[in-house]
1. So, A:Gly307, is that one surrounded by fewer than 19 Cβ atoms within 10 Å (Cβ to Cβ), more than 27 Å from B:Gly243 (Cβ to Cβ) and either more than 8 Å from every other protein chain (Cβ to nearest Cβ) or of a type in the set (S, T, N, Q) (or both) or not?
2. Among the residues of the range B:316-368, how many are over 19 Å from the mean Cα position of the chain (by Cα) and among the hydroxyl-bearing types (Ser, Thr, Tyr)?
3. Test of understanding: among A:Gly342, A:Gly288, A:Gly328, which residue is at the interface with chain B (Cβ under 10 Å from one of its Cβ atoms), small (Gly, Ala, Ser) and within 25 Å of the chain's Cα centre (by Cα)?
4. Against the condition in contact (Cβ under 8 Å) with a residue 60 or more places away in the chain and surrounded by fewer than 13 Cβ atoms within 10 Å (Cβ to Cβ), how does B:Pro220 come out, does it pass?
5. If the requirement is being over 19 Å from the mean Cα position of the chain (by Cα) and modelled with pLDDT of 95 or more, which of these qualifies: B:Thr266, B:Thr272?
6. Can you confirm whether the range A:33-41 contains a residue that is on the phi > 0 side of the Ramachandran plot and at pLDDT below 85?
7. Identify, from the list A:Leu406, A:Leu442, the residue that is away from chain B (no Cβ under 14 Å), buried (at least 20 other Cβ atoms within 10 Å of the Cβ) and either part of a helix (DSSP H, G or I) or among the β-branched types (Val, Ile, Thr) (or both).
8. Any chance you could count how many residues in the range A:359-403 are in a loop (DSSP other than H, G, I, E, B), in contact with a Gly (Cβ under 8 Å, 6 or more places away or on another chain) and more than 10 Å from chain B (Cβ to nearest Cβ)?
Amino acid sequence: MQHISKEFPGVRALDDVSLQVRPGTVHALMGENGAGKSTLMKCLFGLYRPDRGEIVLEGQPVQVTEPKVALAHGISMIHQELHPIPHRSVMENIWLGRFPLRRIAGVSFVDHRAMHRATQALFQSLGMSIDPATKVGNLSVSKIQSVEIAKAVSYSAKVIIMDEPTSSLTENEVEHLFRIIRDLKGRGVAIIYISHKMEEILKISDEVTIMRDGKRVITSPAAQLTEDLIIRNMVGRDLKHRFPERSNVPGEVVLSVRGLTSPTAKSFRDVSFDLRKGEILGIGGLVGAQRTELVEAIFGLRAISAGTVELRGQRVAIDTQTPKRAKGQGMALLTEDRRGSGIFPSLSVLENSLIADLRRYVRFLLLDDRARRAAGTRMIERLRVKTPSLSTLMQDLSGGNQQKVLFGRWLLTEPEILLLDEPTRGIDVGAKYEIYTIIADLARQGKSIIMISSEMPELLGMSDRIMVMCEGRVSGFLEGKSASQEEIMRLAAQFM
Amino acid sequence: MAVTEKQLKETGPSVPPEQRPRKSPWKWTVQLLSDNAIFAAMVVVVLVIAAYAWYADLGSFLTLGNFKNVLIHNSTRLIVAMGAAFAILTAGADLSSGRMVGLAAVLSASMLQAPDYLRLFYPDLYQTWIWTHLPWLSLWIPILAAVAACALFGLINGWVIAQFGVAPFIATLGAYAWIYGVNGLYFDKAPNNSQPIGGLRGDFTAIGTGAIDIGPISLPYIVLIALLVAVFMWVLMNKTTFGKNVYAIGGNVNAAKVSGINVFKTIVVMYTIAGALYGLGGVLEASRTGGATNNYGNMYELDAIASCVVGGVSVTGGIGTVPGIVVGVLIFGVINYGLTFVGVNPYVQMILKGIIIVSAVAFDVRKYMAKK
């Protein structure tokens, strides 16, 4: 891949990135969330089209316009989230879209016997033992991944992209995966391996490319790298003036969580922490650390199996918590998925900002429009939302302004505790600063804030304390002023 | 993956209104027509019907009398469409409306026959104290009972949908069947034995056929009732927390949950109100026609959903207004009436109706896609 650039409105996702991968090697791709790894791979696999640059395969420039073309060129991708069809058999999943056919009396039928034979041969060559006729839904995650790898190989792949393939595997399963990877290397397949786990990277890869802010920082043989070196290259950027001055003073404990555990096996367990009045508590960790699940449970969107939550010294009935009750307790939740569970795209800015607290505007059974508009106007002015009018549809605002309206929605409920899940995700730099200012202001006014963030500079720049989670457990607390990105990284990968 | 792309796309800078390019009058007209393509098409259809009626010497179509007929014919349909709009607003579809109309028609008619009629559903009813002493109450009890029965079935619909997460389309498809079954059993009861119920009381049929004179205009009661229902619905949807919550659930149910809206309660109440409206529609249908059978309301769900869609209620949920539904019902009613007026074969009419519904939705979805 040479000089690949890709821009999304307001965001330069890839900036002149080149990547050379040799056959028969594992090339690791590293970087923080949002560094551009996935975008680069999506360009390679034809899910995105780069604005500039070209892809050269075995000396020939190729135009990868869609995944079908990529597969035809021998480029396969194993996604982080596996998407098998659980109710169909293993072989049907593998040969989907290109079933072997047999013509009987001029009509084409799927040749199940040939498919079964081909699948068995494929598994044998990879040293896997999976029954081609089992339903995929009955397999373990690791077996499903093996199936995906077999599928990738079945396209006679020359390049296989693996996006965080070990994120849901146990240690033994990782070993099994590595055996398969080594085998593929032996056949001359080039593997691009995306992972956060440094130990793994150093173990399996031949070369490592580190990306940051959409740019390539360094490409180096893995043998010459150390964990420290990788971390320094992954982070290392100027943190000054990206965050507003904060003058909040944490006071007494407002929220006290003890031993909170999810009924789901792989989710959060035994989480304990205190949140003080006027404090910004950052929660750090990698994707999959179950941070979102934790705050959603506190807000009543998910069940818990054990643990207690105290609010200003009073026990909260967390077993029967609902968002409505949480709202009544003075909590607010800004979800990470703005589009999925935040905005009402087809409703106006006004409706979007008042929906969480309509009762306040009811006079004699009916809503008082004048009071509603007044509250909406106040909100827009206070948070400096750029919108043509209150009746503009939410879907016509930019991401940053949508996020401000969502802040406004919760501020109008006059909360004491704000749970902010990735509050600046997908927002351009300018709007980010404004969001930070809002958060700093709220803390100064004595509101308590929990802020989940996958961006380390943001965690360090905004938090009084940082709680780091790894695989559903709390791996440590750090002081915001003195913590370093390296420390967060270590804690975030502690139980891996 | 598509989500990330979308998220990234929406981070573009918003354009302040003063920087937006001013549209030329021509572009403005084109925009207006394409935004309201379905309305424009309907106007054309009406004009074509009128022109054909004139050409074929069938008399003038565009008369006050015909317009009044359209209004009377579509009053019950408007009420039913108002109920059906709830489900569509929350990205579902209520298929049980027509069967509820039939149930309410049979229930109310069975208890509202004139005592001197030959074949009575309840021959003993007319000796009861209420009937002999309080004719006013004897009129209202059956009406309210019919409406309440449908409200109850609506509540069951809402509960099944909210409690078990059954898709509204399936839940109400089941209701379509069992309500028809319940109604059939009742209708088949001795001594009625599935005979059409007739001979309704004069004070009952007066609701459906009478009119109030306001100066030179005589306004049919039934049109007035439909109008009041529309006003009630407008207030409910625009001036109450409940209405706002319905729009919110239709717009994004996850966001509604996070905002602390009681989604369960809202959905149950919504379908209950819808049931009550279907019940009212059924009662008025019996009153207007002076009789009832268990096949009353047959395929009304089609007209109701079609009118909503034509009136701009989006099947993707969260979009639609009460005035829009009123216009949708009128347009659909004018076309129905017009096609009959010029003598189009009823089966051909069905074909046209089907085409209108599907194209209305296709237009709606296209509009939605263009915005993305």
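The values are calculated or read from the model by the stated rules, or taken from the named source; none is laboratory data. Just so you know, these numbers come straight off a predicted model, no measurement behind them. A quick note on method: Cβ atoms are made from the backbone with ideal geometry, for glycine too, and the neighbour counts reach across all protein chains shown.
1. Numbers: surrounded by fewer than 19 Cβ atoms within 10 Å (Cβ to Cβ): no; more than 27 Å from B:Gly243 (Cβ to Cβ): yes; either more than 8 Å from every other protein chain (Cβ to nearest Cβ) or of a type in the set (S, T, N, Q) (or both): yes.
Against the criterion (surrounded by fewer than 19 Cβ atoms within 10 Å (Cβ to Cβ), more than 27 Å from B:Gly243 (Cβ to Cβ) and either more than 8 Å from every other protein chain (Cβ to nearest Cβ) or of a type in the set (S, T, N, Q) (or both)), A:Gly307 does not qualify.
2. 4
3. On the way: A:Gly288 fails: at the interface with chain B (Cβ under 10 Å from one of its Cβ atoms); A:Gly328 fails: within 25 Å of the chain's Cα centre (by Cα).
Checking each option against the conditions leaves just A:Gly342.
4. Numbers: in contact (Cβ under 8 Å) with a residue 60 or more places away in the chain: yes; surrounded by fewer than 13 Cβ atoms within 10 Å (Cβ to Cβ): no.
Taking the combined requirement at face value, the residue does not satisfy it.
5. Details: B:Thr272 fails: over 19 Å from the mean Cα position of the chain (by Cα).
After applying the criteria, what remains is B:Thr266.
6. Taking the range A:33-41 and keeping what is on the phi > 0 side of the Ramachandran plot, we get A:34, A:36.
Subset that is at pLDDT below 85: A:34, A:36.
The answer is yes, given that some residue of the range A:33-41 is on the phi > 0 side of the Ramachandran plot and at pLDDT below 85.
7. Values: A:Leu406 fails: away from chain B (no Cβ under 14 Å).
Criteria check complete, one pass: A:Leu442.
8. Step one: list which residues in the range A:359-403 are in a loop (DSSP other than H, G, I, E, B), which gives A:364-365, A:368, A:384-392, A:397-398.
Okay, now just the ones that are also in contact with a Gly (Cβ under 8 Å, 6 or more places away or on another chain), so A:385, A:390, A:398.
After this cut, where a residue has to be more than 10 Å from chain B (Cβ to nearest Cβ) as well, the list is A:390.
Count: 1.
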